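Sharing a structure here in C-alpha cells format.
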Amino acid sequence: MSLVLPIPLTGTKPTLLENDIGRGFCIDENSGKKDHVFLYEKEKIKTTHATTDSNNFSLIKSCETLKTALNVRGEIGLSFCLLYGKVMGSYMETNITNNKTITLLYSRKIVRKVVELDYYATPSPNILIEKDIDSLRSKYGLYYISKIEYGSFIDVKFQLDSSDHLKMDKLQGEFEAGIDFGLFKVSVRYHIEEGKSSSTSNINSTSSIFFGGCKPIDKTHVQSFDEAIKIIDSFQLDENNLVPIRIEISPIPPRATKILNDNSMLFSHYNKKLSSTSSYYLEIKQMIIQLDNFKSISKLNDDNNNQNGQQEILNILLKKVDEQIDSLKDNQDSLTKFIQSSMKSIFNKDIPFTDSSISELKIKIQQMIGLVLIETDRGFWKGPSVNNIPTYKGVYMYKDKSKYEGLCLNGKRNGKGKLTYPDGNINQLISIEGEWNDDEVSFPSKVIFKEGGVEENILDLKSANEWKERLKRIKISNSLEFSNFSKSNEIIFKYFVYVDLIEDKLFKNLFSNIIQIEDRQRYSMLLLGLIGSGKTSMIELFINILTGQISDDPKQLRATNLEDKDDVNINNGKSKTKSICRYEIEYFTRDSWIFGIELIDTPGFLDLNNNNNNNNNNNNNNNRQHLKSILSSLNKLERIDNIALVINGSLTTEKLKEQSNLISILPKESLECLSTIITFCDKENQANQILNQIKNYIQDKPSIFMDNPWTRHPNNKFKKIENKDNIETLQKIMKEKAAIVQEFFIDRTKSKSSFNPRDL
C-alpha cells in the first residue's frame, strides 16, 4: 500500500527534486530522504503532462478530518511530522476566548506534471548486499519515492467565531449536512452583514493562506472574509514555477532485497509498531504546536487588553504551559529513541505510549488551553486551567445556575469579571460586575437588581457595606424571611416567602390563583388616602395574609422606624408614614423565584374640609404636588396595577364628599385601576352608604370594607389597646377577614388594567 503525502514548501525551494524519484524514504527519521533504492534510469521513468484540477472544502473537527482534507493517506511517520507538522498544526483550534469557533479548509491543487517510476526499475546494487533489517532501514528506509506530482496548490483556512453559540451551532449544523463552497460564501456573508446591521452578536472571520507553484499572491493584507475569497478567485497556475505538491511513498518490494523475503509476518508486526509510534509522535507534536500558538495569542491579547491583575495570572498560566511543553518534548524524545532502536529491541519492548494514554494527554492539553469544558466541584469551567483548576479568562457555569465571565485564579474569581445570577435567585440580583478577589467583589463595582433592571454603582466601602447589609435576611418564621433593602433615598422592605413550607389552605388557594397570571410576574398596588385613614395598619394585615402568617400567629411586619409610637390615636390627624415605603413580597418554591406582590404605602393627603376657601385651595394644590411627587418617586417601576383609595369609614358625610375630591387629581390613565378599601367599617349597610356619598366613577370599582382586627391584636406594638378581645375570638375574626382580603387580591391580580408611572 502506497502512502500519499502533501509536500509543503520550505522557504522558496522545493523539498523534492525530480531526480529524487526512486530514493529510499524513511518515515521514522527527521531527514526522510535516503539513498537510492532504484537506479535513476530515464527509460524507467514515466513523465506525463496532463492537467488535473481538484478542490476540496471541509469542516475541520479533528486531526483525522484534517488529514482527510489535506489528502493524507497511509501511515504517518516522524519525518512527515517534521515535514508538514507546522502547517498542519496551524489548522488546529487555539481559542482563548469564550467564543464558539468553526474551522474550515478550502484546498485546491492543480497537477500539471507527473513523474512516476516504473515498477520494474533496476534496484541499486548496494541494496542487494544488505544483511539485516536495521542496516536496510538505516541506509534506505523501508519505503521509496515512487511518484512525484508537480503543479500548484492553495490552502485557505477559514476560522469563524462568535459569542452567539446558538447561531454558531446552527451554522455548523448547516456545514455538517453538506458543504458547497458557493453556498458557504453566501451564508457567511449574510451572517457577517446581519451582525453589523443588528444587535445580534457578530460573526468574525479570519483566514490563513498557504500556496505554491502559482502566480504571485499578495497575502499581506488579508483582513476580511471577502479579501480571502478574492485570493481564491485569483489563484492561477504558473507554468514556470511548478512545485512538488504530492508524492507517493511505496514499500520497498521484496525483489529489491532478500531481507524482506525472510519472515514476512514478523516484518509486518515490526512495521505496525513503527507506524503506531510515529502516529503517537504526530499527536504529541500537534499538542506542542497548540500550546505554542496559545502562548502567542494569549500574550497578544493580554497586551491589547492590559487589565488589572491579568498579566500576573497569565504569567502563572504560561509558566505551567512552558513546563507542559518541556514534558511533551521529553515524550517525543522517548518515542524517537524507541523507533530508532534495533528491530530486536522494538520487538521486545512496549511502545512508551498507548492509545489511551495519548487520549488522556490530549484532553489534558485541551483543558489547559480552554478548548473543552472541565467539571469541578463548583460546576463547569470553559477556559484555561492548571491541573483542572480554573486559571485566567473563561466562563464558569456554577451548579446554582449562576454564570461568571472573567478572570479566575486558583479556581476563584480574581480580577475583572461579571457574575450573572439565575432568574428567580433569592436576592433578586441580575448581575454584579467589577474587580474580584477570592470570589468577593471589591469596589467600585456595578450591581443590577431584578426590579426594572435597576443599576447601582458601588463606589466606596460605605456603600459596599450598606449593600451587603441589605442582602442579610432575618428569619421571621420557618416560611418567611425579611430583609431591609432601604437606602438613603428610598425605603424598601422585602419579604421572602417559601411557599412549600406553608400548609395553610387559604394561602395555598391565594398562591395557586396568582401564579396563573400569564401577562406579568409582579403585581403592584399603590395605597392612597387622607392622613389617618389607616393605610399602614391595613398594609400590615395584608402582609400577614399574603405571606401566609395569619393562621398561626400574626406578626409585627411593617416598617417600625417609619411611625411615631406616641401617635396612637388614629384620628389625631398625623400621618404615621413619613415617606413612601415599598413592601415587596417575593414568592419562592425550591429556592426559585415565582412571583412578586408589591404594596406601596404613601404619606397621607391633607384634609380639604376647611371653612377658609384660600386654605382649601392651598391644600388642593399641595395634594396635587404631593401626588406628583409620589408618582415621580415610583418612576423606576414598570407599571402600577392598582390604586387602592383608602377611606376612613368613621368620617362624616361632609368629609367623605371632600375626600372623594382626591380622585379628581388622579391621572386619567389610572382610573381603570381604581379600587376602594373602607376602614373602620364592619357593616355592609355602612359601606354602601359611604360608597353612595362619593363620586360615581368610584362606586362601581372593586371594594372591600372591614374594621381592621390587627389594630386590636396584642402583637401590634404600635397601638394602645384598651379593650382587648378574646384571643380565640380575635383569631377567628382575622381568618374571616383574611378570606375577604385574599378574594380581593385574587380578583385584583386577574385584572388586566395597569398604567406606567413614567408616562405621567
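What list of whole percents do you get for P(r) of region 397-536, with Cα-Cα distances grouped in 5 Å bins up to the one holding the largest distance?
Taking all Cα pairs of region 397-536, the binned fractions are 2, 8, 13, 17, 18, 15, 12, 8, 5, 2, 1, 0 percent.
On a full-extension model of 0.36 nm per residue, what is the gain between Leu471 and Thr354, subtracting their alpha-carbon distance, rounded to one decimal in nm? Show your work: numbers first, answer last.
Numbers: separation 117, 0.36 × 117 = 42.12 nm, distance 5.41 nm.
Contour length minus the Cα-Cα distance gives 36.7 nm.
Something else now. Output the peptides 516-525, 467-476, 701-710 sorted from most to least packed, where packing is the average of other Cβ atoms within 10 Å over each peptide's residues.
In descending order of packing, they fall as 701-710, 516-525, 467-476.
Further, regarding this structure: Once you compute Rg and the Kirkwood Rh from C-alpha atoms, what is the Rg to Rh ratio for region 210-255?
Numbers: Rg = 16.7 Å, Rh = 13.3 Å.
That ratio is 1.26, to two decimals.
If you don't mind, another one. Between Lys505 and Glu18, what is the spin-label point distance in nm, taking each point 7 Å from the Cα along the Cα→C-beta axis?
Inter-label distance under the simple model: 10.3 nm.
Which of the trypsin sites (Lys or Arg not before Pro) across region 725-754 are loop residues per DSSP, with 15 or fewer other Cβ within 10 Å?
Lys750, Lys752
According to a simple spin-label model (label point 7 Å from Cα along Cα-to-Cβ), what is the distance in nm between Glu684 and Gln556?
3.8 nm
By how many nm would the segment from Lys46 to Glu440 lengthen if fully extended, with 0.36 nm per residue of separation less the alpha-carbon distance?
134.4 nm
Using R₀ = 25 Å, calculate the FRET efficiency as 1/(1 + (r/R₀)^6) where r is the Cβ-Cβ separation of Lys462 and Ile430; round to 0.05. Intermediate values should be presented prior to the final figure.
On the way: r = 23 Å, r/R0 = 0.92.
Efficiency, rounded to the nearest 0.05: 0.60.
Now for a separate question. Out of region 360-412, which trypsin sites (Lys or Arg not before Pro) are coil in DSSP terms and have no more than 15 other C-beta atoms within 10 Å?
Sparse-neighbourhood loop trypsin sites (Lys or Arg not before Pro): Lys399, Lys401.
Tell me, what ³J(HN,Hα) does each residue in region 674-685 have, in order and in whole Hz, if you take phi through Karplus 6.51 cos²θ - 1.76 cosθ + 1.60 with θ = phi - 60° and put x for Gly and Pro?
Per-residue couplings from phi come out as 6, 8, 10, 10, 9, 9, 6, 8, 10, 10, 5, 4 Hz.
For the pair Lys344 and Ile325, how long in nm is the line joining their label points, each one 7 Å along Cα→Cβ?
Spacing of the two 7 Å Cα→Cβ label points: 4.1 nm.
Kindly state, as a whole number, the per residue volume in cubic angstrom of the convex hull around the alpha carbon atoms of region 103-200. If you can, show how the numbers build up before the last one.
Working: hull volume 19.1 nm³, N = 98.
Here the figure is 195 Å³ per residue.
Follow-up question, since we're still on this one. Using square roots of five times the C-alpha gyration tensor eigenvalues, list the equivalent-ellipsoid semi-axes of region 363-404 in whole Å, biggest first. Intermediate values should be presented prior to the final figure.
Details: eigenvalues 56, 18, 12 Å².
Each semi-axis is √(5λ); the values are 17, 9, 8 Å.
Here's something else I'd like to know. Could you pull out every residue, at least 5 positions away or on a different chain, whose amide H is within less than 5 Å of the one on Gly212? Hs are placed 1.01 Å off N in the peptide plane, and Pro or chain starts have none.
Long-range HN contacts for Gly212: Phe153.
Let me ask another. Which cross-chain or sequence-distant (5 or more) residues have an amide H under 5 Å from the amide H of Ser524, H modelled 1.01 Å from N in plane?
Glu598, Asp641, Asn642
In addition: Pull up all non-local amide H partners of Ile252: gap of 5 or more, or a different chain, and H-to-H distance under 5 Å with H placed in the peptide plane.
Tyr143, Tyr144
Evaluate 2.2 N^0.38 Å with N set to the residue count of region 315-452, then give the Cα radius of gyration divided by it.
After normalising by residue count via 2.2 N^0.38 Å, the value is 1.48.
Please work out the FRET efficiency for the pair Lys299 and Ser592, using the Cβ-Cβ distance as r and a Förster radius of 35 Å; give the result to the nearest 0.05.
In this case the efficiency is close to 0.25.
Report the gain in length on full extension from Lys399 to Glu728: 0.36 nm times residue separation, minus Cα-Cα distance, nm rounded to one decimal. Working shown, then result.
On the way: separation 329, 0.36 × 329 = 118.44 nm, distance 4.73 nm.
Taking 0.36 nm per residue and subtracting the Cα distance, the gain is 113.7 nm.
Give me Rg over Rh for region 105-264, both radii from the alpha carbons and Rh done the Kirkwood way, two decimal places.
1.21
Something else: From the backbone phi of region 347-356, what are the Karplus-calculated ³J(HN,Hα) couplings (6.51 cos²θ - 1.76 cosθ + 1.60, θ = phi - 60°) in whole Hz, Gly and Pro given as x?
Couplings: 5, 8, 10, 7, 4, x, 10, 10, 4, 5 Hz.
Ok, one more. How large is ³J(HN,Hα), in whole Hz, for each residue of region 515-524 in order, when computed from phi with the Karplus curve 6.51 cos²θ - 1.76 cosθ + 1.60 and θ = phi - 60°, using x for Gly and Pro?
With coefficients 6.51, -1.76 and 1.60, one gets 6, 7, 5, 9, 9, 7, 10, 8, 10, 10 Hz.
The numbers here are math on the coordinates, done by the rules we state, and not lab data. What you see is a predicted model, and the numbers here were worked out from it, not measured in a lab. Glycine also receives a Cβ, built like all others from the backbone with ideal geometry; neighbour counts cover every protein chain displayed.
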